[in-house]
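Take a look at the structure below.
The values are calculated or read from the model by the stated rules, or taken from the named source; none is laboratory data. Being a predicted model, the structure only gives us computed values, none of them experimental. Neighbour counts are summed over all protein chains in view; Cβ atoms, including those assigned to glycine, are modelled from backbone coordinates with ideal geometry. Note: areas computed on protein heavy atoms with side chains; ligands, DNA, RNA excluded. Shrake-Rupley method; radii C 1.70, N 1.55, O 1.52, S 1.80 Å.
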Amino acid sequence: MTCRICNNSTYMVLDLGSTPPANSFLSSIEDKIENFPLVLEYCSSCSNLQLRDCLDSDKLYKNYYYVTPKSQTLDSHYSFFTNFLLAKNYLNSESSVVEVGSNIGDFLQHIKPYVRSIIGIDPAENIAAKANSLGIETICDFFSTAAADNIKKKYGSADTIIARHCFAHNASPHDLLQGVKLLMAPDGHVIIENAYAVNTIEGNEIDQIYHEHMFYYSIQSMSKALELNGLVLVDLFISQVHGGSISFVATHAENNPTVLDSVADYLSYEKTVLTKSKLLDFASSASKIKIELNALVKNILNEGKTIYSYGATAKGNTLLNFIGLNNESITYCVDSTEIKQGKFLPGSKIKIINEEEGLNNPPDYFLLTAWNYRDEIISKTRESGNYSSAFIVPFPELKIMR
Ligand code: JHZ
């Protein structure tokens, strides 16, 4: 295929077969759902990983089930991230902030005391309505050049545009960046946080691949995309959130800004990871986890023991569907998100129950499909008095934690 960032040719890295969209939870076990191919491609010109086939956004986001969970891990990430933005003056008490893909507004709620004004924009009707009901002004729309133009006319330019874990969710990065270019104040900044391709590859995180994640950004591919839209990468912030993330900081290229050393430092390491041989290792890790996890589950079930999955995550749905595990081997999936409870995971048809039910009638093993919250979820389980359920942690290497 042709790279959606730089127009050069790509090659295939991994084919995970055909799966349903990861957040399309079923209301009834009888519901039928369509599968779509999940194929990862690499462009060696701009070091960009992307899906070969992108689904129509309306299909993915109109009615959305991902609601930012209440989590200590996320709260402390918001604090580190905000401190970084304030310390570097990418945010200050005079900043007007627009957050793209703001979900129910948790992050905006967090930065509200430090800035002049906040506005969110999110395409999911149910999610934007929830944010507004919580007092966070949220426009219900996809961010695009047209949406940026409307926001600018109504509210003026934005000093800081923040886009956390949503840039990868759009098949047209150039349209998003043109929107940023239009909306951002002359001396403003945009901060784009995303799962980092280096962590995805090094951590064997094959489950980060699902239809919503159309791009797996690297410093090289993001720099290229920015450059093609009159913007320039000036700084970055690395964190462990969501399995390893990067926050790209960019501004208008015509300002000829200083590019901080952080960019060159991480770039040189990135180049040692995004290589043909490491991408091949990543692809082999998919077959390895498939064999090992299936064998482990089979042994556990042969001993007459039970398994629930923990976390009705988008990632988990890639894992279960790729491995071929379903409600015959995994009895329930436990999740704290109210609108997911009572539904069934797409593909595997495992019923989602709430955390209390999961803890009142615990299994012998939890398959930790929300492994990015590993320490928080294990501590919470132990603090509730459950010392009996072991946790199967699938990434970076399959292991059992007791
Ligand atoms: P979580 C989502 O991916 C969706 P997912 C999206 N596509 C994206 O890009 C990433 O996030 C960043 C539950 N939970 O965040 C709540 C508990 O039950 O890993 C959530 O359903 N108990 C936008 O879906 C799920 O786990 C807990 O204590 O792969 C976590 O979902 C905690 C902390 C969470 O993302």
Query raised in the report: open to solvent by 10 Å² or more (accessible area, probe 1.4 Å) and part of a loop (DSSP other than H, G, I, E, B) - does that describe any residue in region 94-101?
Result: yes
Query - In region 306-324, residue most open to solvent (accessible area, probe 1.4 Å) [restricted to those that are within 19 Å of Pro362 (Cβ to Cβ) and away from the ligand (no atom under 15 Å from the Cβ)] - result: Thr306
Report task. Scan region 81-88 and give yes if some residue there is without any contact (Cβ under 8 Å) to a residue 24 or more places away in the chain and open to solvent by 10 Å² or more (accessible area, probe 1.4 Å), otherwise no. Result -> yes
**Report entry** Members of region 24-55 that are buried (at least 17 other Cβ atoms within 10 Å of the Cβ) and closer than 17 Å to Ala312 by Cβ
**Finding:** Ser24, Phe25, Leu26
Query raised in the report: With respect to the numbered conditions (1) more than 22 Å from Ile289 (Cα to Cα); (2) in contact with a strand residue (DSSP E or B) (Cβ under 8 Å, 6 or more places away or on another chain); (3) surrounded by 15 or more Cβ atoms within 10 Å (Cβ to Cβ), which one is the sole condition not fulfilled by Pro21?
Result: (1)
**Report entry** Any strands (runs of 3 or more DSSP E) falling wholly within region 335-402 and containing at least 1 residues that are touching a residue at least 60 places away in the same chain (Cβ under 8 Å), open to solvent by less than 30 Å² (accessible area, probe 1.4 Å) and within 14 Å of the ligand (Cβ to nearest atom)
**Finding:** 351-353, 365-368, 390-393
Query raised in the report: Any idea which residue in region 151-176 is farthest from the chain's Cα centre (by Cα), counting only those that are surrounded by 21 or more Cβ atoms within 10 Å (Cβ to Cβ), within 16 Å of the ligand (Cβ to nearest atom) and not hydrophobic (A, V, I, L, M, F, W, C)?
Result: Pro173
Report task. Kindly state which helices (runs of 4 or more DSSP H) lie completely within region 190-276 and contain at least 1 residues that are in contact with a strand residue (DSSP E or B) (Cβ under 7 Å, 6 or more places away or on another chain) and open to solvent by less than 10 Å² (accessible area, probe 1.4 Å). Result -> 197-202, 219-227
Query - Candidate set: region 129-164, residues that are among the hydroxyl-bearing types (Ser, Thr, Tyr) and touching a residue at least 24 places away in the same chain (Cβ under 8 Å); chosen: the one nearest to Arg116 (Cα to Cα) - result: Thr160
Query - Residues being open to solvent by 70 Å² or more (accessible area, probe 1.4 Å) and more than 13 Å from the ligand (Cβ to nearest atom) - total across region 56-80 - result: 6
**Report entry** Residue under evaluation Ala283, criteria (1) outside any helix (DSSP H, G or I); (2) surrounded by 14 or more Cβ atoms within 10 Å (Cβ to Cβ), criterion not met
**Finding:** (1)
Requested in this report: Identify all residues within region 130-170 that are part of a loop (DSSP other than H, G, I, E, B) and of a type outside the set (A, V, I, L, M); write none if there are none.
Outcome: Gly135, Glu137, Asp141, Phe142, Phe143, Ser144, Gly156, Ser157, His165, Cys166, Asn170
Query raised in the report: Which ones in region 15-56 are more than 25 Å from Ser218 (Cβ to Cβ) and of a type in the set (A, V, I, L, M, F, W, C)?
Result: Phe25, Leu26, Ile29, Ile33
Report summary line: Exactly one of Ile209, Ile192, Ile219 is within 15 Å of the ligand (Cβ to nearest atom), touching a Leu at 6+ places or on another chain (Cβ under 6 Å), among the β-branched types (Val, Ile, Thr) and within 19 Å of Ser47 (Cβ to Cβ), and that residue is Ile209
Query - Residues of region 81-101 satisfying the condition of being out of contact with any helix residue (DSSP H, G or I) (no Cβ under 6 Å at 6 or more places or on another chain) and within 16 Å of the ligand (Cβ to nearest atom) - result: Phe81, Val100, Gly101
